Structures are given as structure tokens and as C-alpha cells.
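Trainee: There's a structure below that I have some questions on.
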Amino acid sequence: MINFIVCDDKKYFIDEVINIIDSVMINNNQLYNKFEFNEYNDEFIKIIYSNLEYKIYILDIEVNQNSGIDIARKIRNIDINSMIIFITSYYEKYTKDILKSKFMFLDFIDKKDDYKKELSQTLEYAISNIQKKNIIRFKSQGILYTLSANDILYIKRDKDRKCTIKTSTNEYVVSNTLVELYELLDDRFIYSHRACIVNQTRIKIYNKRNRLIIFDNDVELDLVSNLFNLKYK
């Protein structure tokens with residue numbers, strides 16, 4: 001679930017931003033919520049401290065004598081994962097402060113320019129990044145695993161129906177089925193064989209003649225079917 005948190009002291013502008021969010025999300029297969037605020041009040045602060053997943057903040061910088069910069073600082077003190085988009089009518093006034101900040105913001109948009117187009121593009125970019133599952137979590141035999149998706153080279157099914165997850169530095173033998181693990185992953189991962197899934201972004205060389213995959217850390221894998229020739233991009 002993606003959660004959009006919008007704050008601006010002008011109702012008409014909030015309505016415009018909400019319309020942009022809806023128009024972007026209609027083309028994305030994602031559930032989403034929208035939270036609207038006309039000031040940085042206690043309810044807004046509760047959102048910051050909440051356990052909502054995938055937060056995207058769209059913050060005006062000057063809101064009823066309160067500073068969106070101060071709010072961004074509060075957000076980053078406890079949350080480094082949420083995305084922050086600043087939008088303001090006082091772009092030149094705050095450019096230096098924003099660019100010098102360490103807020104890891106996604107964009108800084110001038111309301112006086114074509115902000116609707118820029119905000120739409122920025123939201124599309126944000127959603128595409130959210131759709132990539134940077135972390136996968138699953139439980140196997142009472143153990144909770146949290147792995148970086150990008151760190152996974154391949155996952156193969158063993159003869160005893162267990163699966164081995166090969167990462168850059170480790171191997172994990174788990175009781176989950178290959179199908180269950182595949183459903184946790186995004187489109188970076190494809191089947192190289194009916195018994196193996198590979199992270200195609202980590203492939204350095206694919207030798208079609210020998211059906212051999214060499215990953216970017218020189219790990220080799222020969223579990224490759226004829227169909228992989230057609231699927232691998």
C-alpha cells in the first residue's frame with residue numbers, strides 16, 4: 001500500500017495534487033491512500049511516527065508560519081526510507097537551503113513552472129522504485145529471513161524439495177517452495193530453468209553455447225534451459 005501525504009495551506013492546490021496522484025495511480029496496479037493536511041499539526045506528526053508503509057510526502061515549504069524544511073528534518077530523524085518531494089512558490093528563496101540539506105529528497109519543484117507535469121513524472125519515478133522490492137522477508141522453519149533482493153544471485157530447488165538461495169556472500173537453505181519465493185520477487189528475477197530463478201541484473205556473461213551464466217562476482221551457474229534463451233533480455 002502506497003501512502004501519499006500532502007500538506008499545503010491552500011485547499012485548491014491540495015485538490016490539484018490529489019488529482020495528479022489519482023491520474024498517475026490509475027495506470028499502476030497498486031493500492032494507495034491519500035492523507036491531506038493544511039498545516040503541520042499533531043495529526044501530521046502522528047503520520048510521521050506511524051508504521052504506514054511506502055510513504056511519499058509532498059510538502060509545501062511555507063505553511064501557516066511553519067516550515068516544511070523543519071518537518072523534513074523531523075521525518076529524516078526517524079525515517080530514511082520515505083520519499084520527500086518539496087513544492088513551493090518561493091523556489092529561489094529556498095534553493096540554497098534545500099540543496100545544502102541532507103534530507104535525501106526526491107525532487108524540489110517550483111509551483112510557478114509547469115509543476116503538474118514535473119510532479120507527475122516524479123511520482124511515476126517514485127512508484128517504479130517502490131515496485132522494485134529492495135528487501136524480501138519470509139519465514140522458514142521458524143527463522144525469519146530478511147534479504148536484500150539485489151544481493152540474491154539465484155535461487156534453486158534442491159532434490160529434497162528445499163531451496164538454496166545464493167547471495168553474493170552466503171547460501172541459505174530454506175523449506176519454502178520455489179514458487180513461494182518467486183512470488184516475493186520483482187521483474188528482475190526470471191526462471192533460467194524450471195528449478196532455478198536468477199537475478200538477471202546481476203548477470204555479467206551468458207554463454208548460450210555452453211548454457212552457462214556468469215554473475216558479476218564471477219559465480220557460475222549451469223542450471224539453464226533452452227527457454228532461457230528466449231526469456232533473457
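Trainee: Which numbered condition trips up Ala72, out of (1) under 22 Å from Ser120 (Cα atoms); (2) not in a helix (DSSP H, G or I); (3) not basic (Lys, Arg)?
Mentor: All conditions are met except number (2).
Trainee: Let me ask something else. Here is a list: Ile85, Ile21. Which entry is of a type in the set (Val, Ile, Thr), part of a helix (DSSP H, G or I) and at pLDDT 85 or above?
Mentor: Ile21
Trainee: Looking at region 208-226, I want the residues that are free of Cβ contacts under 8 Å to residues at least 60 places away in the same chain and farther than 20 Å from Asn150 by Cα and have a partner that is in a loop (DSSP other than H, G, I, E, B) and aliphatic (A, V, I, L, M) with Cβ atoms under 6 Å, at least 6 apart or on another chain. Which pairs are those?
Mentor: The qualifying pairs are Arg211/Val224.
Trainee: Looking only at region 11-32, how many residues end up being touching a residue at least 24 places away in the same chain (Cβ under 8 Å) and either crowded, with 19+ Cβ neighbours inside 10 Å or of a type outside the set (Phe, Trp, Tyr) (or both)?
Mentor: 12
Trainee: Among the residues of region 180-199, is there at least one that is of a type in the set (Asp, Glu), open to solvent by less than 50 Å² (accessible area, probe 1.4 Å) and within 22 Å of the chain's Cα centre (by Cα)?
Mentor: Among the residues of region 180-199, at least one is of a type in the set (Asp, Glu), open to solvent by less than 50 Å² (accessible area, probe 1.4 Å) and within 22 Å of the chain's Cα centre (by Cα), which makes the answer yes.
Trainee: Right, something else. Under the condition of being surrounded by 13 or more Cβ atoms within 10 Å (Cβ to Cβ) and out of contact with any strand residue (DSSP E or B) (no Cβ under 8 Å at 6 or more places or on another chain), which residue from region 51-68 is nearest to Ala126 (Cα to Cα)?
Mentor: Ser67
Trainee: Count, please, the residues in region 33-44 that happen to be open to solvent by less than 70 Å² (accessible area, probe 1.4 Å) and under 23 Å from the mean Cα position of the chain (by Cα).
Mentor: Number satisfying all stated conditions: 3.
The values are calculated or read from the model by the stated rules, or taken from the named source; none is laboratory data. These numbers were taken from a predicted model, which means no experiment stands behind them. Heads up, the Cβs are rebuilt from the backbone with ideal geometry, glycines too, and the neighbour counts pull from every protein chain shown. These accessible areas exclude ligands, DNA and RNA; they are computed on the full protein's heavy atoms, side chains included. Shrake-Rupley method; radii C 1.70, N 1.55, O 1.52, S 1.80 Å.
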